[in-house]
Amino acid sequence: MAKEATLQVRMDAELKKEVEELYRDLGTSFSEAVRIFARQSVIDQGMPFAIRAENRSAYSVLNHYANPALVAEEENAFVKAMMEKHGKID
């Protein structure tokens with residue numbers, strides 16, 4: 001495939017140095033890694049990896065799908081159910 005377009009990206013110089021070293025150690029270049037990323041993004045029709053936020057529970061990630069009327073009722077539902085089933089443990 002012909003390389004007819006240019007992409008310019010601004011980034012921290014230290015990050016650039018580290019990522020270039022990483023890909024050199026892997027036997028390729030940062031430029032080739034970007035091309036691989038772009039191709040895989042098209043194949044996957046999205047980011048070619050899972051995006052995760054640290055320190056977030058499944059509840060907070062999925063909260064926007066929840067029925068707001070049930071959120072308060074469902075909060076700590078598992079704990080409440082276990083306390084009802086087994087009695088409160090002090």
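For the pair ILE43 and ALA13, label points projected 7 Å from Cα toward Cβ lie 3.6 nm apart. The listed residues PHE78, PHE49, PHE37, PHE30 rank as PHE78, PHE49, PHE37, PHE30 when sorted by accessible area, largest first, using a 1.4 Å probe.
Extending 7 Å from Cα along the Cβ direction at THR28 and again at MET1 yields two label points whose distance is 1.2 nm.
Seen from MET1, the other residues with C-beta closer than 12 Å to its C-beta sum to a net charge of +2, counting Lys and Arg as +1 and Asp and Glu as -1. Counted residue by residue at 0.36 nm each, then reduced by the alpha carbon distance between them, the extension gain from ILE36 to GLU21 reaches 3.7 nm.
The values are calculated or read from the model by the stated rules, or taken from the named source; none is laboratory data. Keep in mind the model is a prediction, meaning the values are calculated, not measured. Neighbour counts are summed over all protein chains in view; Cβ atoms, including those assigned to glycine, are modelled from backbone coordinates with ideal geometry. For accessibility, only protein heavy atoms count, side chains too; no ligands or nucleic acids. Shrake-Rupley method; radii C 1.70, N 1.55, O 1.52, S 1.80 Å.
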